[in-house]
Amino acid sequence: MADRDPNLVQSVDRALAMLELIADHRSGIRVSDIATALGLPVSTAHRLLTTMELRRFVQKDLGTGLWIIGQRAHGVGESYPLHDSLVLPARPFLRHLRDSTRETANLGVIQREEAVTISQIESREIMRAIAPPGGRVPVLNSGMGKAIVATWPDDAIRRLIQRQGLRSMTSKSLSSEESVMQEIARIRRQGYAVDDEEYVIGMRCVAAVVHAPEGEAIAAISVSGLAARVTQESTYKIATLVCAAARNLSDQLAGGGTANS
């Protein structure tokens, strides 16, 4: 445990110490062993674990009774190496997009076959549609997810559908392999993807893919907002701005571009 400090929040310190301990025991660890290692009553350790479990930072293996690291902790950890290499270079482009469209600008990646927002510049509008950073969306219900998946070979996309199935989040969600492949063909033709109220009714998102210097699709940039403002008519104009931002970020990552200011 950390030394006592006037700025130390004891419960936070204990929770972080637990995460470190659990991470060191990849096969899992019992609550009694956690309590002993950290000098805590078992009841206190259990309350902290239960709180973190609700936030998906830890989880209990019901078969063994052992505690292991949860999905959310993995997601937070995965975002760390992306910060300097991708998030920081993207921020000026996201800010420019937000200012140009007055809607929320996002940067997302695919992690464990879900679309994850890793950075965001919020709209200044009072009514705004926001999927916060760290939020996970089924890949094929997401504009950013579809933009990235459209760069994959067709057989890889079909295998994704077979593994995951298709989730009908709204009445507009893609509901068959045929509809997915038709949508992928459309994305490839036009160069951008649209989440047309496929995850949340009343929200529309326009996304374009970001390429690594080696050429593979590593992320996507999007603009999302209320469908009443991000209308069918304005989609092309927004898509032009989103595609330019994604292209310019790709160029910068390759060492050949400069950020918008």
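Throughout, read-outs are computed from the coordinates displayed, never taken from laboratory work. Since this is a predicted model, take the numbers as computed values, not measurements. Here Cβ is always computed from backbone atoms with ideal geometry, including for glycine, and neighbour counts include all displayed protein chains.
What does the convex hull of the Cα atoms of the stretch 10-69 come to per residue, in Å³, rounded to a whole number?
Enclosed volume per residue, from the Cα hull, is 69 Å³.
Which order do peptides 114-124, 11-21 fall in by mean Cβ count within 10 Å, highest first?
Going by the mean number of other Cβ atoms within 10 Å, highest first, we get 114-124, 11-21.
Listing Asp251, Asp196 from the residue with the fewest other Cβ atoms within 10 Å to the one with the most, what is the order?
Ordered by Cβ neighbours within 10 Å, fewest first: Asp251, Asp196.
Which shape class applies to the stretch 96-137: rounded if a/c is under 1.5, otherwise prolate when a/b exceeds b/c and oblate if not, where a ≥ b ≥ c are the square roots of the Cα gyration tensor eigenvalues?
Because a/c hits 1.5 or more and a/b exceeds b/c, the stretch 96-137 counts as prolate.
Let me have the 222 nm mean residue ellipticity of the chain computed from DSSP H runs of 4+ only, each contributing -39500 (n - 2.57), with the sum over all residues rounded to the nearest 500.
Using -39500 (n - 2.57) per qualifying helix, the result is -13500 deg cm²/dmol.
What percent do you get for the relative contact order of the chain when only Cα pairs under 8 Å and 6+ apart count?
Reported relative contact order: 15 percent.
With charges only on Cβ, +1 for K and R and -1 for D and E, what is the dipole size of the chain about its Cα centre, in debye, rounded to 20?
The calculated dipole for the chain is roughly 460 debye.
Cα to Cα, under 17 Å, and not fewer than 8 places away if on the same chain: which lysines meet these conditions relative to Lys172?
Filter leaves Lys146.
Report the one residue of Ala147, Leu166, Val230 whose Cα lies farthest in the direction of the positive end of the charge dipole of the stretch 79-253 (charges on C-beta: Lys and Arg +1, Asp and Glu -1; origin at the Cα centre).
My answer, from the dipole projection, is Val230.
In whole Å, what are the extents of the stretch 79-253 along the principal axes defined by its C-alpha atoms, from largest to smallest?
For the stretch 79-253, the Cα extents along the three principal axes come out at 38, 38, 28 Å.
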